[in-house]
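As structure tokens, the structure follows; a few thoughts come after it.
The values are calculated or read from the model by the stated rules, or taken from the named source; none is laboratory data. Note that this is a predicted model, so its numbers are computed, not measured. Note that we place each Cβ from the backbone using ideal geometry, even for glycine, and neighbour counts take in every protein chain shown. These area figures cover heavy atoms from the full protein model, side chains too; ligands, DNA and RNA do not enter into them. Shrake-Rupley method; radii C 1.70, N 1.55, O 1.52, S 1.80 Å.
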Amino acid sequence: MKLLSMPMHYLTSPVEKRVGLILLATDNITELDFRRAMPQDRVGVYCNRVRYVNPTTADNLRAMLPHIEDAGGLILPDQHLDVLYYSCTSASVTLGEDEVCKLLRRAKPDALPITPTIAATKALNALGARKISLLTPYLPETSVPIQRYFEAKHFDVVSHACMGLGDDRDMARLSAETIVAAAVETSDPASDALFISCTALPARQTVTTIEGKIGKPVVTSNQAAVWLTWHHLDLPLPAGIKDRLFAVKPGREESEP
């Protein structure tokens, strides 16, 4: 074996931008949504998971709180991330997005902290939506706090339907046809937009189909997070995306949480 003695030249980073995802142990969808959306030659997507046990109840969601900071800190330790996304809509409401963002900032002080609720609120504001329809896959007791969250953010929830599922692994297996049908049934003609909650739900790929059927914008948890991440990274939006959300930009007051 020969030990090379030669100058070594190093890049600042193997990739231009870096996004960290904190995922539930059972999450099947978020990583797929982000990797499909990000240009792999420019953006690295790095993941870690937190222990989570179904069903989706307040107690099980709260059990994640002590582990969020460590999970974020173990994504490329001591290295810079541009964005750190905690991927659970219902937990962001149950734990409080301010508390979650505090933990994300502790884990990665230089990264933009994003939760699904922050991203959704910014997306709906950018679309000018004040009256919304709300579709959740959760049990009723998990869905009610989601409605209260948006009402506290000064949205008028004119219709709300839940699918009654308690296991996020079942949510991840719902067919596109089922999601579209549920969305159409939930959407109220009086609403300005439809929000589909839950990062475990494979709703991102159904958005344009639903928009074509209900004639108004559709926002989903992961879609909104991808949209906000793209703008924060200051990258050209991907070609071919026809979601109405991607035709607007975050306003100045919505650009940072």
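Tell me the trypsin sites (Lys or Arg not before Pro) within segment 17-86 that lie in a loop according to DSSP and have at most 10 other beta-carbon atoms within 10 Å.
Qualifying residues, ordered by number: none.
Please go through the residue pairs K153/K216; K213/K249; K108/K213; K153/K242 and name each one whose alpha carbons sit more than 32 Å apart in this structure.
Long pairs (Cα-Cα over 32 Å): K108/K213.
Can you give the Rg and Dmax of segment 34-91 based on its C-alpha atoms, in angstrom?
13.5, 40
Show the residues, 5+ positions off or on another chain, whose built amide H is closer than 5 Å to the amide H of L84.
G20, L112, I114
If you plug each phi of segment 238-244 into the Karplus form 6.51 cos²θ - 1.76 cosθ + 1.60 with θ = phi - 60°, what whole-Hz ³J(HN,Hα) values come out, in order, with x for Gly and Pro?
x, 5, x, 7, 10, 4, 4
Can you put V53, V248 in order of accessible area, largest first, using a 1.4 Å probe?
Listed by decreasing accessible area, they come as V53, V248.
If I model a spin label at R173 and R105 as a point 7 Å from the Cα along the Cα→Cβ vector, what separation in nanometres do I get?
About 4.1 nm separates the two model spin labels.
Using a 1.4 angstrom probe, figure out how much accessible area segment 55-167 has per residue, in square angstrom, rounded to the nearest whole.
39
Starting from the amide H of H160, placed 1.01 Å from N in the peptide plane, find each other amide H under 5 Å away whose residue is 5 or more places distant or on another chain.
The list, which skips near neighbours in sequence, is L134.
Restricting things to Cα coordinates, could you compute the convex hull volume per residue of segment 62-119 in Å³?
64
Considering only A25, A225, A107, give the residue with the highest GNM mean-square fluctuation for the chain, with springs between Cα atoms whenever their separation is below 10 Å.
Maximum fluctuation in the GNM of the chain, among the listed residues, is at A25.
How big is the equivalent ellipsoid of segment 145-240 along its three axes, where each semi-axis is √(5λ) from the Cα gyration tensor, reported in whole Å from largest to smallest?
Semi-axes (√(5λ), whole Å): 21, 17, 15.
When the convex hull of the C-alpha atoms of the chain is computed, what volume per residue in Å³ does it have?
Taking only Cα atoms, the chain has a hull volume of 146 Å³ per residue.
If amide H atoms are built 1.01 Å from N in the plane of the peptide, which residues on other chains or at least 5 residues away come under 5 Å of the amide H of A63?
none
Give the residue from V219, I75, T115 lying farthest towards the positive end of the charge dipole for the chain; charges sit on Cβ (+1 for Lys and Arg, -1 for Asp and Glu) and the dipole is referred to the Cα centre.
Positive-end residue among those listed: I75.
Loop only per DSSP, at most 16 neighbouring Cβ atoms within 10 Å: give me the chymotrypsin sites (Phe, Trp or Tyr not before Pro) in segment 30-80, ordered by residue number.
Passing both the DSSP loop test and the Cβ count: no residue.
To the nearest 20 Debye, how big is the dipole of the chain about its Cα centre, given +1 on the beta carbon of each Lys and Arg and -1 on that of each Asp and Glu?
Here the size comes out at about 500 debye.
Residue farthest toward the positive end of the dipole of the chain, with Cβ of Lys/Arg at +1 and Asp/Glu at -1: which of I210, P189, F155?
It is I210, whose Cα lies furthest towards the positive end.
Based on alpha-carbon atoms only, what is the radius of gyration of segment 1-102 relative to the globular estimate 2.2 N^0.38 Å?
1.35
With a point put 7 Å past each Cα toward its Cβ, work out how far L4 is from D156 in nm, to one decimal.
The two pseudo-label positions are separated by 6.7 nm.
Between the DSSP loop rule and a limit of at most 15 other Cβ atoms within 10 Å, which trypsin sites (Lys or Arg not before Pro) in segment 171-257 are left?
On the way: sites: R173, R204, K213, K242, R244, R252; in loops: R173, K242.
In loop regions of segment 171-257 (DSSP not H, G, I, E or B), the sparsely surrounded trypsin sites (Lys or Arg not before Pro) are R173, K242.
Sticking with the crude label model, points 7 Å out along Cα→Cβ, report the distance from I241 to N54 in nm, one decimal please.
My value for the distance between the label points is 2.9 nm.
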